[in-house]
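Right, one structure below, let's go through it.
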Amino acid sequence: MDGAVKTRLQSSGCPIQVSRILRPDDANIAGNVHGGTILKMIEEAGVIISTRHCNSQNEERCVAVLARVERTDFLSPMSIGEVAHVSAEITYTSKHSVEVQVNVMAENILNGAKQMANRATLWYVPLSVENVNKVVKVPPMQYSSPEQQEEGRKRYEAQKLDRIETKQRNEDQIFPAINVEPYTVGYSQSSLIHLVGPSDCALHNFVQGGVTMKLMDEVAGIVAARHCKTNIVTASVDAINFHQKIEKGSVITVSGRMTFTSNKSMEIEVFVDADHVLKSLTETAHAVTAFFTYVSLDKDGKALPIPTLKVETEDEKRRFEEGRNRYLQTKAKRMAEAMKCQ
Amino acid sequence: MDGAVKTRLQSSGCPIQVSRILRPDDANIAGNVHGGTILKMIEEAGVIISTRHCNSQNEERCVAVLARVERTDFLSPMSIGEVAHVSAEITYTSKHSVEVQVNVMAENILNGAKQMANRATLWYVPLSVENVNKVVKVPPMQYSSPEQQEEGRKRYEAQKLDRIETKQRNEDQIFPAINVEPYTVGYSQSSLIHLVGPSDCALHNFVQGGVTMKLMDEVAGIVAARHCKTNIVTASVDAINFHQKIEKGSVITVSGRMTFTSNKSMEIEVFVDADHVLKSLTETAHAVTAFFTYVSLDKDGKALPIPTLKVETEDEKRRFEEGRNRYLQTKAKRMAEAMKCQ
Amino acid sequence: MDGAVKTRLQSSGCPIQVSRILRPDDANIAGNVHGGTILKMIEEAGVIISTRHCNSQNEERCVAVLARVERTDFLSPMSIGEVAHVSAEITYTSKHSVEVQVNVMAENILNGAKQMANRATLWYVPLSVENVNKVVKVPPMQYSSPEQQEEGRKRYEAQKLDRIETKQRNEDQIFPAINVEPYTVGYSQSSLIHLVGPSDCALHNFVQGGVTMKLMDEVAGIVAARHCKTNIVTASVDAINFHQKIEKGSVITVSGRMTFTSNKSMEIEVFVDADHVLKSLTETAHAVTAFFTYVSLDKDGKALPIPTLKVETEDEKRRFEEGRNRYLQTKAKRMAEAMKCQ
């Protein structure tokens, strides 16, 4: 290994930090920053560090493309004028994928207060610049201990399984619906279309994962607000798998429907489809699907009760039960973690 | 009248010019700038000059709100890297409204070529900053001749009539549709939702008209592209009336459906609805409606033939006939104008 | 000093890094990133670190406002897809101002290449959040040596003098001119207006200095391109002094005219004026003025010859001579520095 390659390999391991001031356009009218803004910043840090790493040894130039984001919680709401510090580091590499851990810290530069706002795990796959259908080999990272590597391998296997599963359930559809009765699924169901612009694809000819996640959060937020008519914020996002690359010139359709409500939370399922305006649609599976959980906050930031979702069809009832299971599982997992910490 | 007020009144009459370089995100993948980008710039110039004028004599601070845009033609497509010069001047004032004429010139700064890209007429109404439901009196402008004033008065009366008419036809609805058969109305029908952000409302708590027009053009463009799967550009926009103010915190739903095709053009009807996420919907009429005409261009900028729209229901057939009438009227008017010029 | 304040003071000294991927909208049609984009990122890093520092000991909350940027050179052009790393640290504090040094590094994450793209020095003044006309005291920084402090004091005195001088020459005006003859001052003279939106003012009710500098670079770039009709890039910006705060809801007018050409460079003077659309104009001096130097590059990045500016009036001739003096001084200074390094 010559000197230049060695230096590149070393620097490829350096954590990276992306910071910026949060602006009015990043927030809702109550001043809470949209979860989608945070997800987009997280993904930007992730794509920089993983693309840098994957090019550190390879002769073949490649760009890292987001394949999956693990379930993530929004720990504390952020406000306009605060500085978001997003730091990313690589924590595992398999033959063809890179795991990136990202921390988001919110800093109030007027009083010095700092709070952890989010922690996320992202998986990237490097695609050749020459041939976007070719996955390039990932240079192995250096682990501090065999245990660290073994833990990473387990996370890798677990997410691989989950990816295959979601690909299968991925053929469900949101049909257009109008239902004027409040609290039904049809009442809050929403969708948007977005024509992919050049700035959505800065590094290659495909939409950056962060752009898609921001649109998904936008739709989910509108569904949540339509349901409860109060100030809402993103509480968590379940694992998101990206099953398709979305090309420049595509129209992205993002649809959201409410699936479940607990006393203080709402779960919204979001589907992303992409069709190229100049080509005919061939794919039937969604490009991306995910579950967003929202809560409603009063002026003092206290969680408000949520009106129960009225489910009518068999499918709606089944989805409500599935949502309840996800809700109970997450709750049980959290309690187990809290027990461990004691 | 004291000196300061006099100076302000004079300066309020000055034409203004808004210029900026057209960027990649302003254009489609073929490099043609979106009509919606131009409409947004036109409205920005209009709101500045009319707000400035309405505050030149009044003690009561007010903000001019877009009430109507007259039919406008996109004379020549603009490209990325060109500079758009938008100049606005006030051409008529009634007791409660201001007419603004706007010219858009495209300048290729690399070869010095200039082309008229658009000419538009906008009507603004000044609303009190203290009480947004109160229309403030407009200071009278100075006309260069009685004829000029009389011409303006006629334009004022004509648009007033049209506004009332469109308010009546304004209760039609676009129902969700899925139709997999190409060239049908349901196949290309599209809609989007947009959560109003702070930058959509720079001067007051209501969405600037230009923001709404840009969203309308975005939906119309997607409908057009889905229909013909080729590169499309906005050719003209029929008169647009703004029947409702759209408040900060609203969700705007913009829906478009194709109504008519001629050999070389498509007409798309666009509806805008707004509901406040924290309030219940009360209005039934649309906030805005308009007809956009699109053409499809090949690589050399030549108009391509358009596949004929397949109309199926009675309503679709009626709308197709109405579209044909608008098309023939516009054609006849243009021929008459061309005759006059000879 | 208690523990909490001590920690805040320490962390206030930490350098900060702002990174992001450069997007198509950040660049001109040749793919060169606008100098204005870089200036805006530089200022964002500066405002974060200086606001943080000024609040580290004060009980009175304050926001740092840009007062001045020292002359800065764009060392190498940046491209779309590269990552800009902007790092800032505080290098001097006077009683009422903070000096921040900023470095901009361009990283190509595909091949690992890194280049210094810019180095800048900014001066900030902290204004009270409660009373924006009150300048707050700056907590003193820790110097590593008395020499470091003394060097800083000299830089502080020098910029103070220059600020007073420019305030005096600051009453010149750009009158509208139409001169169709190429290479004259009137031919390339340009101006734009911008309505200040909420996202231009994230931390307070005033436009962030970086927003203004980006607009200034946009106008200067248009003037330069109109003059030479080739691909142009920002080479350097002379010291910029901010003489007035620009409030939310203002209309910013930015005007530029060419003052001087050397064989391979153009100097453009830029003026910024702001008037509030709802209030009367009182100020007569410009809010900001600056000189931008542009060069023209061929496809391989080599500097092209520049057509000589045709000066006609006495004022134009005087300004040309003044520009030549600035050009010769800069050249002499660079040669002296190059000699020192040998």
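Determine the dipole magnitude for the protein assembly as shown: charges of +1 sit on the beta-carbon of Lys and Arg, -1 on that of Asp and Glu, nothing else is charged, the reference point is the Cα centre, and the result goes in debye to the nearest 20.
Computed charge dipole of the protein assembly as shown: roughly 800 debye.
With an 8 Å Cα cut-off and a minimum separation of 6 or more residues, compute the relative contact order for the stretch C:173-341 in percent.
Value for the stretch C:173-341: 25 percent.
With point charges of +1 on the Cβ of Lys and Arg and -1 on the Cβ of Asp and Glu, referenced to the Cα centre of chain B, which listed residue (B:Phe242, B:Pro198, B:Pro15) lies farthest in the positive direction of the dipole?
B:Pro15
State, as an integer percentage, the relative contact order of the stretch A:3-142 based on alpha-carbon contacts under 8 Å between residues 6 or more apart.
Once normalised by length, the contact order is 28 percent.
Helix A:314-341 versus the longest principal axis of chain A: what angle, 0 to 90°, nearest 10, using Cα atoms?
60 degrees
Among C:Cys62, A:Cys54, C:Cys201, rank each residue by its count of other Cβ atoms within 10 Å, from fewest to most, as a rough exposure measure.
Lowest count first: C:Cys201, C:Cys62, A:Cys54.
From the phi of every residue in the stretch B:291-300, what ³J(HN,Hα) in whole Hz does the Karplus formula 6.51 cos²θ - 1.76 cosθ + 1.60 yield, where θ is phi - 60° and glycine or proline is x?
Along the stretch B:291-300, the couplings run 10, 9, 10, 10, 10, 10, 10, 7, 4, 9 Hz.
Show the residues, 5+ positions off or on another chain, whose built amide H is closer than 5 Å to the amide H of A:Thr91.
Result for A:Thr91 returns A:Glu99, A:Val100, A:Gln101.
Semi-axes of the equivalent ellipsoid of the stretch C:49-153: what are they in whole Å, largest first, if each equals the square root of 5 times a C-alpha gyration tensor eigenvalue?
Semi-axes, largest first: 31, 16, 12 Å.
Treating only the Cβ atoms of Lys and Arg (+1) and Asp and Glu (-1) as charged, compute the dipole magnitude of the stretch B:6-143 about its Cα centre; round to the nearest 20 debye.
Its charge dipole is roughly 360 debye.
Between B:Thr259 and residues 5 or more places away or on another chain, which pairs have amide H atoms under 5 Å apart, with H built 1.01 Å from N, and which residues are they?
Here B:Glu267, B:Ile268, B:Glu269 satisfy the definition.
Grab the residue from chain A whose Cβ hugs the A-to-C rotation axis most tightly, plus its distance in whole angstrom.
Nearest Cβ to the rotation axis, residue and whole-Å distance: A:Gln17, 3.
Rank-order C:326-338, B:304-316 by packing density, defined as the average count of other C-beta atoms within 10 Å over each peptide's residues, highest first.
B:304-316, C:326-338
Across the stretch A:31-177, how many lysine pairs, 8 or more apart or on two chains, come within less than 15 Å at their alpha-carbon atoms? List each step's numbers first, then the result.
Working: A:Lys95/A:Lys134; A:Lys95/A:Lys137; A:Lys95/A:Lys154; A:Lys95/A:Lys160.
Step by step, the pairs that qualify in the stretch A:31-177 add up to 4.
Across the stretch A:75-84, in residue order, what do the Karplus-derived ³J(HN,Hα) couplings come to in whole Hz, using 6.51 cos²θ - 1.76 cosθ + 1.60 with θ = phi - 60° and x for Gly and Pro?
For the stretch A:75-84, the Karplus-derived couplings read 6, 8, x, 9, 10, 4, x, 6, 9, 8 Hz, x marking Gly and Pro.
Other chains near C:211-224: what is the mean number of their Cβ atoms within 10 Å of each residue's Cβ?
1
By count of other Cβ within 10 Å, fewest leading, how are C:Ile80, A:Ile193, B:Ile42 ordered?
Numbers: C:Ile80 19, A:Ile193 23, B:Ile42 28.
Fewest to most other Cβ atoms nearby, the residues stand as C:Ile80, A:Ile193, B:Ile42.
So, in the stretch B:188-287, how many Lys pairs have Cα atoms under 28 Å apart, if the pair is 8 or more places apart or on different chains? Display every interim value, and only then the final one.
On the way: B:Lys214/B:Lys229; B:Lys214/B:Lys245; B:Lys214/B:Lys248; B:Lys214/B:Lys264; B:Lys214/B:Lys279; B:Lys229/B:Lys264; B:Lys245/B:Lys279; B:Lys248/B:Lys279.
Number of lysine pairs found: 8.
List, shortest first and in nm to one decimal, how far the label point of B:Lys331 (7 Å from Cα along Cα→Cβ) is from its counterparts in the other copies.
Result for B:Lys331, in nm, nearest copy first: 6.6, 6.7.
Assume the label is 7 Å from Cα along Cα to beta carbon: what separations in nm does B:Ser87 have to the matching positions in the other copies?
5.0, 5.5
How far is A:Glu147 from the same spot in each other copy, in nm, shortest first, if each label point sits 7 Å from Cα toward Cβ?
4.9, 9.4
Using all Cα-Cα distances in chain A, what percent lands in each 10 angstrom bin from 0 up to the longest?
For chain A, the pair-distance distribution reads 5, 24, 34, 25, 10, 2, 0.
With +1 assigned to the C-beta of every Lys and Arg and -1 to the C-beta of every Asp and Glu, and no other charges, what is the dipole magnitude of chain A about the Cα centre in debye, to the nearest 20?
480 debye
Read-outs throughout are calculated quantities, based only on the coordinates presented, and are distinct from any laboratory measurement. In this text, all values refer to a predicted model and were calculated from it rather than measured experimentally. Using ideal geometry, Cβ is built from the backbone for each residue, glycine included, and neighbour counts are taken over all protein chains shown.
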